[in-house]
Every structure is written in structure tokens, then in C-alpha cells.
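One structure below.
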Amino acid sequence: MELEFHQLALRYERLKVMRPQAERRLLASLAEVGQQVPIVVVKPAGEEQFVVIDGYKRVRALRRLDRDTVAASFWPEEEAEALIATRLMQTAEPEMALEQSWLLAELHERFGLSLEELARRFNHSVSWASRRLALVRELPDSIQDRVRRGEMGAHGAAKYLVPLAGANREACLQLVEAIPRSETRLSSRDLGILYTAYQTGNWVTRQRLLEAPLVFLKSYKETQAQPPFEPGPAPTVGDNLLADLEMLSFAARRAHRRLRSGVLRSLPEKLRQDLASLLDQCQREIERLAERFNQEIAHVGPEHSCGDSEAARAGA
């Protein structure tokens, strides 16, 4: 049967993730050869529109192509039965955990299916059904919407953002809101990096991450990249030690300038405590370094340098 778009009710479009690459491929195929596979619809009693059960990508693509109608296959089943059947028959692309969660939540809340019934119908345990429903409850709606739009991976959101939201909902929201809505799609690996850095980082790291996650990601990846090999003379141990001490001196002078500017007074108490603790640690390390340096100087002694001079003169 052929249906016009105004005859379609798209109430279950939110149960699937938009996959931009797959949608582009489908759009090109429909433009070239037309619609080959009909969408699946049902018609609930008392409703004028046909409810789309399967084929939302086709509907979006045909609309973009300015087609007037869409080919549809009418199923006589009830909505809930049709939803379950199409998901069990699906083989074209793997289903994400969040997509399963959205469907189970719809069946549980809209149609009243119990956890036991959901587990039986999908051939899983009651525990599985309960965990899937928990994903929907834990993850804020605004983040779920971004996953639906394909702005971030569903797998990464379920694996990393759900536990982050469970531990600190505000931090999870702040992190996602700081990521611009653009064509840049965060992969599961990217979300994993941000989640691990937040879990293991101190107060300063967490604040930088939450305020500018894309900048944090770029910096992290740059530090992980291997520097290009540049042939040349290998540095000696003395050269390395000299470079270390120069960097140490430079870092101390820079930190001192920042302290003189009064930056400490504007920081939260928790951060001031962290900085004081870190300064104590730095001071202990400097003291150990100075002690070892003086021991080595004393061990070498002036006679060693004298012997080196005589050997140099003899070689000359």
C-alpha cells in the first residue's frame, strides 16, 4: 500500500539511534533505484493515522527526496506485538544497549509489560531487563536525545556516561553540555578517555575537563602521540640532567610569578589545600635532589677534575 506522509504517526522514532553514515547511504540508494523495501505500519483501533513500527530511516530519506508517498506493509498485529516482532527479526545492524532500553521502557510503561514478561519475550533474564531499564533512568533525558541524534556513540554513553551520571549527575550534564552540537561525533574511545580522566583526576583536572572537554581530549591525544624520529647525536647523561634542572628552575619561576599576581586568593578552599599539599611534596623532592647532588659532588671531589685535566693534557 502507498501512504502519504500526513497519514503516518511517528511515535516510535525516538526508540532508534540516528546513524548519519547509514542514512547517507540509504539516501543515495533511494535516489538511484527508489524504495525497494516497504516500511511496517499498524493501525490501532480508533486512530486515523498508521503507526510506523519499522522504517524510520526510509521515511526521513524519502522526505528529503521530496517524495509524495511511501510504500508500506500493513500488519494486523497490536502495536506491542509488532514492536517486539520487528526487533527480534532485525538483522541489518547491531542494536545498542540504549536502543534496547528505550524499547523495553516503552513496552513496560506504555503497554504495562512486567519485567518477567519482557525477559521471557526477549529470551533474557529478569536481571537483564532490569539493568536495561536502569540505563534509561540513570542517563539524563538531554543526553539521551543527543545519543538519538547520533552526536555521541550509544555504546560509549551506556558504558561511561551512565556510571558517571549515577555517581555525579551534575558533572555528567556539565560535561555533555560543554561539547558543542556539531558534526564532530565523540567516539566510545573519546568518552572512555574523558570518563577515566575524571575518575582518576584531581580537582584541577576535573574542572578543566568539564569546562573544555574537546580541548582536554586534544591535549591528551597529543601527549600520547609518539614524537617523530629526528636523527642526530644522542644526548649525554649530563645533557639530560642539565635540561631537567633548567625545566625545574623555569617551572618554579613561573609558579612564583603566578603567586605574586594574587591568583591564590581567588581559588576555592579545596583547591588551595590541594596546591599546598602538592607544594609540600615538591619541596620534599627538591630537598632529596639537593642532598643527592651534594653527596655526588663530595664523592667526585676536586682530585677527579684535576685527574681529568692531566689526562687531557697528556692526550694533547
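The values are calculated or read from the model by the stated rules, or taken from the named source; none is laboratory data. Small disclaimer: the values here were computed from a predicted structure and weren't measured. No Cβ is skipped: glycine too gets one built from the backbone with ideal geometry, and neighbour counts run over all protein chains shown. Note: accessible area is taken over every heavy atom of the protein model, side chains too, but ligands, DNA and RNA are not part of it. Shrake-Rupley method; radii C 1.70, N 1.55, O 1.52, S 1.80 Å.
Here are the numbers for this structure:
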| read-out | value |
| --- | --- |
| Nearby aspartates and glutamates by direct alpha-carbon distance to residue 57 (threshold 12 angstrom, same-chain neighbours under 8 apart not counted) | 13, 23 |
| For residue 220, solvent-accessible area (1.4 Å; no DNA, RNA or ligand), Å² | 80 Å² |
| Two-site FRET efficiency, residue 249 against residue 224, from Cβ-Cβ distance with R₀ of 35 Å, rounded to 0.05 | 0.80 |
| In degrees, nearest ten, helix 213-224 long axis to first principal axis of the chain (Cα) | 50 degrees |
| Accessible-area order (highest first, 1.4 angstrom probe) of the listed residues 24, 19 | 24, 19 |
| Contour minus Cα-Cα distance for residue 28 and residue 285 (0.36 nm per residue) | 86.2 nm |
| Heavy-atom accessible surface of the chain: percent carbon and sulfur, 1.4 Å | 53 percent |
| Accessible surface, 1.4 Å probe, highest first, among residues 159, 16 | 159, 16 |
| Cleavage-rule hits, GluC sites (Glu not before Pro), the range 123-199, DSSP coil, Cβ neighbours within 10 Å at most 15 | 183 |
| Accessible surface, the range 81-199, averaged per residue in Å² (probe 1.4 Å) | 49 Å² |
| Surface accessible to a 1.4 Å probe, residue 188 within the full protein complex, Å² | 40 Å² |
| Rounded to the nearest 10 Å², the accessible area of residue 124 at probe 1.4 Å | 90 Å² |
